[in-house]
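To start, the structure itself, in structure tokens.
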Amino acid sequence: MLAGVLGLTMDYQLTVPALLRRAEALHGAREVVSRQPDGSIARTTYGAVAVRARKLAVALQQLGIARGDRVATFGWNHGEHLEAYFGVPALGGVLHTLNVRLHADELAYIATHAGDRAVIVDAALLPALEAFRDRAPFEHVIVVGGAAPAGTIAYEELLAAADEAAYVEPELDEREAAACCYTSGTTGAPKGVLYSHRCLVLHTLSVATVDSLAIAEREVVLPVVPMFHANAWGLPYAAAMAGAKLVLPAARLDPASLLELLASERVTISAGVPTVYLALLQALDAAPGAHDLGALHTLVIGGSAAPQALIEGFQHRHGIAVLHAWGMTELAPIGTIGRLPAALAGASEAERLRYRSRQGRPVPFVELRARGDAGLIPWDGSAYGELEVRGPTVASAYTDGDGADKFTADGWFSTGDIVTIDPDGTIELQDRAKDLIKSGGEWISSVALENALMGHAAVAEAAVVAVPDERWGERPLAVVVLRDGATATATADELRAHLEPGFARWWLPDEFVFADVIPKTATGKFKKTALRDLYRRP
Ligand code: AMP
């Protein structure tokens with residue numbers, strides 16, 4: 001029994017269709033701009049996106065997709081992907097954004113595990129889809145932005161045949177699932193994260209706030225972060241809610257194309273991983289004044305640690321502020337943002353830069369704490385501990401009960417990130433407890449590479465560690481101990497060739513080091529910290 005008195009406020013459900021209704025009613029004429037496969041620009045509006053999203057919902061229903069069904073996307077950032085962001089949840093379906101950079105085996109596993117009944121795919125990505133289509137449960141393949149070969153459906157024809165008037169918004173419970181993403185596991189298979197409508201709406205609100213990303217109507221937002229990465233950090237939904245103009249770059253993520261789009265569309269806020277902006281900074285430095293980036297005031301950089309030199313370079317040489325953000329797929333994804341606190345407004349430039357290179361303070365309703373060997377650590381800026389978080393945008397479990405050990409008995413999620421926490425709640429990532437490598441914003445599983453290497457007849461032991469890399473953040477390096485007498489049969493080239501069929505190209509270690517032994521911990525595990533220190537390049 002409820003002890004108190006119930007408030008008299010509406011039980012209004014926080015759902016993705018509610019976001020769409022708002023975008024259409026208030027910002028119907030605001031532009032959504034997409035780069036096309038041929039490089040040209042297509043312009044539409046939130047009003048048109050809303051109509052087409054509802055048509056998509058009707059069309060999917062006619063194909064037999066029902067409430068709770070998973071519908072995958074396999075595509076870059078563009079208007080049709082935005083339509084799926086709204087259209088799939090609008091019928092009560094679950095949008096599953098497949099990461100186009102994953103290996104076909106991993107994609108087959110993920111699509112099967114999720115039970116994706118249909119997939120909306122970019123025409124240019126059809127060959128990549130074909131590599132796993134027969135191992136995925138797709139009943140319908142819907143092709144965007146190009147010809148639809150036999151056995152597939154053309155997206156535009158599907159929408160043209162759908163009657164918008166047939167759309168009936170389901171009475172959704174805000175706790176129902178609206179979207180899903182998979183995260184790479186340290187060991188074993190990727191794990192599914194299922195976002196509720198409520199989670200997505202609260203995340204939208206929290207990232208839009210002024211001390212978070214400050215997504216206002218006057219802004220022009222360009223998410224470089226792919227829409228297949230954790231809801232593109234919530235930016236498509238936040239831009240739609242606020243009525244900010246949205247600029248979507250599709251697959252053209254090279255510095256020249258991005259600079260051209262940033263300038264021509266008068267973008268004010270852009271967001272993505274450090275690798276993208278390192279390349280952009282180099283291009284800007286090489287030709288200062290070649291692009292009019294006068295409108296651009298903020299870059300949101302996260303996914304991996306943003307180097308201080310990157311923050312400094314944009315700020316000092318180009319007058320563009322970097323907001324450093326930390327997040328995880330399990331947090332929908334934004335957790336903390338390094339916006340300068342008022343208390344530091346008068347601090348020296350060096351101190352302010354130093355602050356902004358930390359990962360920052362939590363967005364509203366994300367609570368954090370960290371656990372060291374002797375229990376929860378003090379917020380003193382020096383004790384180390386594994387970061388734990390909780391809040392309405394944090395996963396409460398993985399799908400199918402996977403990874404249950406990541407959730408504490410008292411309801412917190414263990415992130416696998418090792419942090420210090422300042423007295424004001426600012427976190428700084430110091431290390432990673434999880435055995436993964438993050439290269440250009442994408443995960444590489446060191447354990448999977450090690451297992452494959454140890455499957456080679458000449459290899460006795462192999463450990464794969466992350467080494468810092470200026471361009472990619474981290475790259476994998478393999479330390480290999482050969483079996484006695486096998487030296488001649490396993491060169492670095494041969495080991496690379498051995499790995500090639502099973503992994504995406506960018507997973508392959510850049511370097512193979514042959515050693516006599518691999519240092520181990522007391523429990524017999526590879527001592528990764530020692531190896532990382534040993535092979536850290538200057
Ligand atoms: P994902 O689930 O793929 O988004 O990856 C989340 C992980 O990326 C976090 O647990 C961190 O290890 C890492 N990460 C994300 N943002 C940052 C950041 N700003 N600095 C350092 N590491 C980060």
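Look at the dipole of the chain built from charges on Cβ: of ALA515, SER212, ALA230, the Cα furthest out on the positive end belongs to SER212. Summarising the amide proton neighbourhood of ARG432: residues at separation of 5 or more, or on other chains, whose placed amide H is nearer than 5 Å comprise ILE418.
Compactness ratio for segment 437-535: Cα radius of gyration over 2.2 N^0.38 Å (N = residue count) comes to 1.02.
Short to long, the 5 Å bins of the Cα pair-distance histogram for segment 211-274 hold 4, 19, 31, 26, 16, 4, 0 percent of all pairs.
Once every DSSP H run of n ≥ 4 in the chain is given -39500 (n - 2.57) and the sum is divided by its residues, what mean residue ellipticity at 222 nm do you get, rounded to the nearest 500 deg cm²/dmol? Please list the in-between numbers first.
Details: 15 runs with 146 residues, N = 538.
Result for the chain: -8000 deg cm²/dmol, rounded to the nearest 500.
Among rounded, prolate and oblate, which fits segment 446-496 when a ≥ b ≥ c are the square roots of the eigenvalues of its C-alpha gyration tensor, a/c under 1.5 means rounded, and a/b larger than b/c means prolate? It is prolate, given that a/c is not under 1.5 and a/b is the larger ratio. Listed by chain and number, the lysines whose C-alpha is less than 16 Å from the C-alpha of LYS438, apart from same-chain residues fewer than 8 away, are LYS528. For LYS527, nonlocal amide neighbours, meaning residues 5 or more places apart or on other chains whose placed amide H falls under 5 Å from its own, are LYS520, THR521.
For segment 382-390, backbone phi angles converted through the Karplus equation (6.51, -1.76, 1.60; θ = phi - 60°) give residue-by-residue couplings of 10, 6, 9, x, 7, 5, 10, 9, 8 Hz, Gly and Pro being listed as x. For ALA179, nonlocal amide neighbours, meaning residues 5 or more places apart or on other chains whose placed amide H falls under 5 Å from its own, are LEU95, TYR195.
Remark: segment 266-271, residue by residue, has Karplus-estimated 3J(HN,Hα) of 6, 5, 10, 9, 10, 8 Hz, where x stands for each Gly or Pro and the curve is 6.51 cos²θ - 1.76 cosθ + 1.60 at θ = phi - 60°. Across the alpha-carbon set of segment 365-432, the Rg to Rh ratio works out to 0.98, Rh being the Kirkwood radius.
What share of the DSSP beta bridges in the chain is antiparallel, in percent to the nearest 5?
Working: 49 of 88 bridges.
The antiparallel proportion sits near 55 percent.
For the residue pairs LYS434/LYS525; LYS406/LYS525; LYS406/LYS520; LYS191/LYS520; LYS434/LYS520, the alpha carbons lie more than 22 Å apart in LYS406/LYS520; LYS191/LYS520.
Treat the count of other C-beta atoms within 10 Å as a stand-in for reagent exposure and order MET10, MET454, MET227 from fewest to most. Intermediate results must be reported in sequence, preceding the final value.
Numbers: MET10 6, MET454 14, MET227 23.
The most exposed by this proxy come first: MET10, MET454, MET227.
When you filter the GluC sites (Glu not before Pro) in segment 440-532 for DSSP loop state and at most 16 other Cβ atoms inside 10 Å of their Cβ, you are left with GLU470. Judged by the gyration tensor of its Cα atoms, with axes a ≥ b ≥ c, the chain is rounded; a/c sits under the 1.5 cut. Cα gyration tensor of segment 248-300, axes a ≥ b ≥ c as square roots of the eigenvalues: rounded (a/c below 1.5), prolate (a/b > b/c) or oblate? Verdict is rounded for segment 248-300. In order along segment 228-243, the Karplus-derived 3J(HN,Hα) couplings, from 6.51 cos²θ - 1.76 cosθ + 1.60 at θ = phi - 60°, round to 8, 10, 6, 6, 6, 6, x, 5, x, 5, 5, 5, 5, 5, 7, x Hz, and Gly and Pro are given as x.
Laboratory data are not the source of any read-out in this text; all were calculated from the coordinates shown. Since we're looking at a predicted model, the values are computed, not measured. Counting neighbours? That spans all protein chains shown, and the Cβs are built from the backbone with ideal geometry, glycine included.
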